[in-house]
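Below you'll find the structure, written out as structure tokens, and then a few comments.
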Amino acid sequence: MRSTPTLASFVAVAAGAALLLSGCSTPANSASGLTGTIPELGADEKVEIVFESYNLLTAGAWTDTITSLIADFEKEYPNISVTAQPTQGAGTAGSNTVGSVQTQMLAGKAPDVAQITFDSLDFAVNELGAQPVEELVGTDAVDDAFGGDNPFHKKAAVLGDWDGVTYGMPYVFSTPVLFYNATAFEAAGLPADTDLSTWAAVKEAAETITAKTGKPAITISCSVAGGSWCLQGMFRSNGGHVLSDDRSTIEFGEDAAVGTIEMLRDLYDAGVLANLDSTGQYEAFARGDSVIQLQTSALQATFMGAAAAGGWELKNTVMPAFDDKPVVPTNSGSALFMFSQDPAKQRASWELMKFLTSEHAYEEITTKIGYLPLRDSLADEGGSLAEWAAGNPLVAPNLAQLDNLEPWTSYPGNSYVQVDDILATAVEDSVFYGKDPAATMAEAQERAQALIEE
């Protein structure tokens, strides 16, 4: 899920627009002691706000759930009217989230609240004019919003922070989960609970299945364009990084990252990894053409429906390890960011952001769409999602990976989308098209480094 490559053409104008829109707000160096600046709404004060969400691009459960939550919000806050709209100029969920806000901002009609993917965090804060909500409402209010009887998971709560200040409220995301067709395993003479804890074990199982079916058994969404969030988790699990800790140096051409790509190349050369784009991958798995897929957990409901229709059993497990190294999953998904400048609209926006990340919201979002409940204790014994979780064992690996989660890294500067494109092309060339992984990844790193230094 990436923003549109045409973002760069807006940057010069947008920087000026963001400066005007940012008012007098200045990001704080520390969240400690922020008291808030915007007043509460008056008892009879009517406010209209616009909420933009890429979930509204997809008909069915996604749109129905968000629309229902907005209706619930308006019942609880009758003085606040919400116009909900999909991401503008986007064809798929999660694409063009920044480009949409930017285009509307230049026209003077930015949404008050927008759902923006985590890879855009740096740009949203430093170029687009996202508001530091912790400065606007105060640290105590933010802590209260993340807390309660079922608080945000500690790894999730900080994903929208920048320099110690909360800008975005983490909203919906998923982790990379290894789905597999247990029926196909048994047909190939493998038990349904075959060990898939390491990539070596996955390869061994895939070779057995491919020998039986004559088709590549594996599809890996991380290996193609659009899967960079997942690929970052694979790099991390092999000891690599895409960016240095001080955010100054691209590192996806270093040995650990190259070793990750060499593992994928080995799977392809062995005939067990299919060369398909992202859409082709999940369609192939749903049809039963591939039987092992590392994919976003957000497709769980889709795969459950495919398995039921196709008469096969769907199982899943956590992302495989590189031998005895710890698995470090990264998240996909998004946070809610505020762009309004009017104090009344800012207050109304904050109330909406809190509501959409409340216990009630995650009860709806998790059971009807399939995203992780970021208030994960809801799924514990006695929680409102406990019965649902018990009846949906496929959610367990996704929840388990929260404890080891590291964030989806956003690249610095205005060319972050182009950096992502360079990486995706280098990976595909190295894995599927015969290029030397070490040389190709090193060259990609050099090109990407030049972009972040512009």
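Remarks
- Among the trypsin sites (Lys or Arg not before Pro) within region 225-265, those in coil by DSSP and having at most 14 neighbouring Cβ atoms inside 10 Å are Arg247.
- Charged neighbours of Ile209, selected by a Cβ distance under 13 Å, balance to -1 (K, R count +1; D, E count -1).
- Amide H contacts under 5 Å for Gly36: Gly138, Thr139, restricted to partners 5 or more places along the chain or on a different chain, H placed in the peptide plane at 1.01 Å from N.
- Here the peptides 55-65, 417-427, 35-45 are ranked by packing, the mean other Cβ count within 10 Å, and the order with the highest first is 417-427, 55-65, 35-45.
- Region 326-344-region 32-107 distance, computed between alpha-carbon centres (Å): 13 Å
- Averaging the sequence gap over all C-alpha pairs within less than 8 Å and six or more residues apart, then dividing by the number of residues, gives region 57-144 a relative contact order of 18 percent.
- Rounded to 10°, Cα long-axis angle of helix 228-237 versus longest principal axis of the chain: 60 degrees
- Across region 340-399, the convex hull enclosing all Cα atoms gives 83 Å³ per residue.
- The chymotrypsin sites (Phe, Trp or Tyr not before Pro) found in region 354-454 that occupy coil by DSSP, while having at most 14 further C-beta atoms within 10 Å, are Tyr433.
- Mean separation of Cα contacts under 8 Å, 6 or more apart, over the residue count of the chain: relative contact order %: 24 percent
- An oblate overall shape is assigned to region 218-348, the ratio a/c of its alpha-carbon gyration tensor axes (a ≥ b ≥ c) being 1.5 or greater and a/b not exceeding b/c.
- Euclidean distance of C-alpha centroids, region 346-401 and region 147-186, integer Å: 10 Å
- Treating r as the C-beta distance of Glu387 and Ala450 and R0 as 56 Å, the FRET efficiency rounds to 0.55.
- Cα-Cα pairs of region 120-195 separated by more than 20 Å (percent): 51 percent
- Considering helices alone, the calculated mean residue ellipticity of the chain at 222 nm is -12500 deg cm²/dmol, with DSSP H runs of length four and up weighted by -39500 (n - 2.57) and normalised per residue.
- Global geometry of region 345-454, whether rounded, prolate or oblate, following the gyration tensor of its Cα atoms and the 1.5 cut on a/c: oblate
- For the chain, the spread of Cα positions along each principal axis, largest first, Å: 70, 52, 37
- Cα gyration tensor shape for region 177-280, rounded if a/c is under 1.5, else prolate or oblate: prolate
- Under the combined filter of DSSP loop state and at most 16 neighbouring Cβ atoms within 10 Å, region 302-395 retains none of its trypsin sites (Lys or Arg not before Pro).
- Spin-label pair Leu106-Asn79: with each label point 7 Å from Cα along the Cα-Cβ axis, the two points sit 3.8 nm from one another.
Since every read-out is calculated from the coordinates, none of them should be taken as a lab result. The structure displayed is predicted, hence computed values, not measured ones. Here the Cβ is made from the backbone with ideal geometry for all residues, glycine too, and neighbour counts use every protein chain on show.
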